[in-house]
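Presented below is the structure to which this report refers.
The values are calculated or read from the model by the stated rules, or taken from the named source; none is laboratory data. Note that this is a predicted model, so its numbers are computed, not measured. Just the protein is used for accessible areas: all its heavy atoms, side chains included, with ligands, DNA and RNA removed. Shrake-Rupley method; radii C 1.70, N 1.55, O 1.52, S 1.80 Å.
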Amino acid sequence: MQGDNDNHEPMFNLPRVIMVFILLSAGIFIGRTWYLSGDGAATFLLTFCFTPMRYHYLTTGDGFPGGWAAGLWSPFTYVFLSPTLQSLIFDMLWLAAFGTAVARRFGPWRFVLFTAAAAAIGAGLFWLLTGSGETVLLGPNFVVAALLGAAIRFIYSAGLAGILTMGGDAWRQPALGIVEMWSNVRVLQLLGFIFAANALFAILYASSGLDGRALLQNALGYIVGILLFSLFDPRPTVTDRAG
């Protein structure tokens, strides 16, 4: 089993895998916005974002940036493409807050596999919700929501304060089973806080084009994280330990 301290970094007390995610996302944003022209930036985004229209164009014989290779990597690479500086800052803050406890619990490789699985599922759900329209998926919102859903399985012992302290030592605790979650008062408090905050942000940013599909995607992200958690968690659940 990996040592608990292997995932700690002195800088900001964040796990290394979280720091890599943040630095990669920030580096891509700086390179795209500062060093690429308008056409170059657009081509870069179309090459690495996820969009259903890519597959439509490719199957009809029309070209699309990145070709078929991009059809394989784009369900994962879109998470590093925050569209604006504001969204980049918020995305990375949420990632640090919600991803840290999960990264400490899973270790780096399980964390990478979990985020990759969540990203691919998020891309698939985006396709189902939007159809084959000319829409693009950018940023780690779905993955962050999945990380929060995963964290709820074990951060319950810290209550609402666990979100603000990046989990503290709650990541060491045995996880609740899916059935046990719904009878735990602290879990219900966390879920209530999360959905209330989600609704508040939706209202505040409605003028930026956020619609009901974005809210639904976030809600689905929480559910995906809750369900995926058991596949990657190396520690026993409350039920396992009781047995």
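At-a-glance table
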read-out: Selected residue (criterion: nearest to V224 (Cα to Cα)) from residues of region 94-122 that are open to solvent by 10 Å² or more (accessible area, probe 1.4 Å) and among the aromatic types (F, W, Y); value: F98
read-out: Filter result for the condition that a residue is modelled with pLDDT of 90 or more and open to solvent by 60 Å² or more (accessible area, probe 1.4 Å), over V144, V185, V136, V179; value: V136
